Amino acid sequence: MTNSYLLLEVKQTLTNVRLHHPLVHHITNYVTANDCANITLAIGASPIMADEKIEVADITTLSQALVINIGTLNQNSAAAMLLASKKANDLGIPIILDPVGAGISSFRNQTLTSLLHDIHFTVIRGNLSEISYLAGYKTQPKGVDATSDDCISQLDKQEIASLLAKRYRCVVVITGKVDVVSDGSKTYLIKNGISELQNITGTGCMLSSLVASCCGGMPQQPLIATLTALLIMGVCGELAAEKQTGQGSASLKIQLIDNVNTLSYTTLKERGQIEQTMP
Amino acid sequence: MTNSYLLLEVKQTLTNVRLHHPLVHHITNYVTANDCANITLAIGASPIMADEKIEVADITTLSQALVINIGTLNQNSAAAMLLASKKANDLGIPIILDPVGAGISSFRNQTLTSLLHDIHFTVIRGNLSEISYLAGYKTQPKGVDATSDDCISQLDKQEIASLLAKRYRCVVVITGKVDVVSDGSKTYLIKNGISELQNITGTGCMLSSLVASCCGGMPQQPLIATLTALLIMGVCGELAAEKQTGQGSASLKIQLIDNVNTLSYTTLKERGQIEQTMP
Amino acid sequence: MTNSYLLLEVKQTLTNVRLHHPLVHHITNYVTANDCANITLAIGASPIMADEKIEVADITTLSQALVINIGTLNQNSAAAMLLASKKANDLGIPIILDPVGAGISSFRNQTLTSLLHDIHFTVIRGNLSEISYLAGYKTQPKGVDATSDDCISQLDKQEIASLLAKRYRCVVVITGKVDVVSDGSKTYLIKNGISELQNITGTGCMLSSLVASCCGGMPQQPLIATLTALLIMGVCGELAAEKQTGQGSASLKIQLIDNVNTLSYTTLKERGQIEQTMP
């Protein structure tokens, strides 16, 4: 019942993205910017990357969503992130925060503290280390890749996501073997996806681009939009793995983006494994 | 008749690039730099990306062509573009301007105004929104992607290209369903290509790299060089689409670069659809 | 005999990388950063790219190896390279220097001089132009791509590598048709690889990432670690070429990374062509 209502909303999100091609302004890292741009186009949205502080407010103004990704943060981009985010807040444009490497340097931590103080983010999406850091839990971050899912129980993950969502009145995603998404009152688990995506750089960044694309298409429903993006990534990961048996990580990435580009709502519905948790 | 003479020149351009491997200095964006480098190598030229203002003049001096692409412009790269371009003008090295996102921010617009005032560009290549902006026509730019071809007639496009070419004594390209290239006295239409390339980021940037590669191989004939690059992109797009039926945008990009790498002049001649417009 | 001992060490290196996933901090260029991150993941290590001077020491401290690649050097990254390298030297973390474009600008040359004065590098890896420049030999560098192998004899190459290795008490690699690696007392030739890799940007950068990954897994044996990386790149290049007959440079890169991801030690042993030179 919930699911069939949910699925209608998921369908609407996908339709909106492909119909309206929301412009997604990215202030992001140079490592995965190309993949983020391509997956944004693949789902039907339109990417623009711009990080010069004297122009970001102009660009954000034209956009339907903003991605703040601190993967290769520097002092200039940190300043640009603040300016663009303030403009987005003023205009009611959804902002997705990808706190890449939260906890691994004072500079990143201070930038995150400052952003979370001044800006209202619509969605925060990270791996377990990153979200745990933001929630105040101590984990052992290892670079920008996630620590093992096994060090913490599924229930604790749900609690962390929900707690952080309440604190910042936003949607929070913890990606992992099972993805958790919560707006503080409702929490869903998405059980799609494949572990081989860990062998590709930027799957987290690409997911954040999909979240932003979906938020751009469904600005009043960030929880649904985010859930749609998680489903797309999970299902397309599975399809990619099936199509490329015996090859390696580089062709898996090609297959992943190909499948996002050709994805139908029917496939998403048939394969999607969403579960709402008990409150 | 014109065509057979033209084709001999096209052949010579391709031969020169593959024989002399012109070094193409790029001051460009970080989103598509990897694809630009790879397509430059694929056609037979040699790419170098360098944007630090204290070294760009040294690098330009070694080069046979210079690309100025403002996709992720910042204050440092804007300064570097001016220095490198002045050096290129001093040495007679062809410069290709790719005015990515012209019209979308004051910073880009001011930088373009300043560059066009101080520098003689050999070729300006953009989509309809970008070239219209430079020509002083009002359009509705949407980020860095082109506005619809349909909002303006083919004849008007030809006029805009020709007008801008005369104003700046250069070659102007408007890419779209039909590409228009003009040096102000002659105008050609190239009718090759596929619309699916819009699902890949950086096809415009890659085309500018091909234009620069061809100008580096045929520096005295920028119109022919540019026309050759347009043919290569259009024909290789078609070949890519034929080889990858049923897949998506990421494998299309792989096929595109593969086909540039293995392209023969014979294929270019057989498939090329060039038309000279009436004056 | 030497070979069977060597091969055991090569096996140990590969095993260590896949077991311990060393974190490899890259301060590198934006052109090939994505490929470098992906090949680092493909071999089993974990990449992190970070170049803001106020955070690099924090990142290096967490890492098991550091790559310094000057491909798109700027004044900020040059400062970050010095800070990160000093921290790595303090902590005994291996550093790999990739002197991209050595000799092509005063800025690069001065930065290299300064780095080589203040820092002890574990491995220096470049093409013939770059290493010759560092050794004080005059060659004609052409951008960032290698000059022809033919302009200098194999014996001279071995001497240059050995001389530079002695001067800086490090391992030196000259890549080319035959790769030369020396620590000043022992010198090996690796005869694997394919010339088609020249049509892909960043194969040198990717190799440096593999060297760093292997050094991270085998920190006490940089010569063995480097030799392992050269074998991996050479053998996977050959496998890639075999699997993709008739296609072009873009699919060759995909195959290359795929093969690194799925490589077994058995394949490495069967195909590896290592030769120790006479002293």
- Note on the structure: The distance between the Cα centres of the range C:1-33 and the range A:194-220, in whole Å, is 30 Å
- Item | Pairwise label distance in nanometres, B:GLN154 with B:LYS166, each label 7 Å out on the Cα-Cβ vector | 2.2 nm
- Name the residues of the range B:83-129 whose accessible area falls by at least 30 Å² when all protein chains are present instead of the chain alone, probe 1.4 Å? B:ILE104, B:SER105, B:PHE107, B:ARG108
- For the range B:229-258, list whatever residues lose no less than 50 Å² of accessible surface once every protein chain is in place, relative to that chain by itself, with the probe at 1.4 Å. B:ALA250, B:ILE254, B:ASP258
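Counting only protein heavy atoms, what percent of the accessible surface of the range C:2-276 is carbon or sulfur at a 1.4 Å probe?
On the way: 4670 of 9440 Å².
With neighbouring chains kept in place, the figure for the range C:2-276 is 50 percent.
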- Averaged per residue, what accessible surface does the range C:2-276 expose to a 1.4 Å probe, in Å²? 34 Å²
- Task: Between A:THR61 and A:LEU91, with labels modelled 7 Å along Cα→Cβ, what's the label distance in nm to one decimal, could you check?
- Result: 0.8 nm
- Task: May I ask for the accessible area buried between chains B and C, both sides summed, probe 1.4 Å, to the nearest 100 Å²?
- Result: 2400 Å²
- GNM flexibility winner over chain B from B:ASP179, B:ASP156, B:ASP118 (Cα, springs under 10 Å): B:ASP156
- Amide H proximity to B:ASN127 below 5 Å, modelled H, separation 5+ or other chain, gives B:THR175
- Query: Relative contact order for chain B: what is it in percent, counting Cα pairs under 8 Å that are at least 6 residues apart?
  - Reply: 21 percent
- Message: 7 Å from Cα along Cα→Cβ at both A:THR267 and B:SER195: what's the point-to-point distance in nm?
- Response: 2.1 nm
- Message: Please check: in the Gaussian network model of chain B (C-alpha springs, under 10 Å), which one of B:VAL123, B:VAL173, B:VAL56 has the largest mean-square fluctuation.
- Response: B:VAL56
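Could you give the DSSP H helices of chain B that reach 15 angstrom or more along their long axis (alpha carbon positions) and whose average Kyte-Doolittle hydropathy is no lower than 0.0?
Numbers: long enough: B:2-20 (27 Å, -0.13); B:33-43 (16 Å, 0.86); B:75-91 (25 Å, -0.06); B:106-118 (18 Å, -0.54); B:154-168 (21 Å, -0.59); B:203-217 (21 Å, 1.25); B:222-243 (31 Å, 1.32); B:249-262 (20 Å, 0.17).
Result, helices passing both filters: B:33-43, B:203-217, B:222-243, B:249-262.
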- Note on the structure: Around C:GLU55 (Cβ within 12 Å, Cβ-to-Cβ, excluding C:GLU55; K/R +1, D/E -1) the net charge comes to 0
- Item | Listed residues A:THR175, A:THR60, A:THR72, most fluctuating in chain A (Gaussian network, C-alpha, under 10 Å) | A:THR72
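The values are calculated or read from the model by the stated rules, or taken from the named source; none is laboratory data. Predicted model, so just to flag it, every value in this text is computed and none were measured. Counting neighbours? That spans all protein chains shown, and the Cβs are built from the backbone with ideal geometry, glycine included. Side chains included, ligands, DNA and RNA excluded: accessible areas come from the protein's heavy atoms. Shrake-Rupley method; radii C 1.70, N 1.55, O 1.52, S 1.80 Å.
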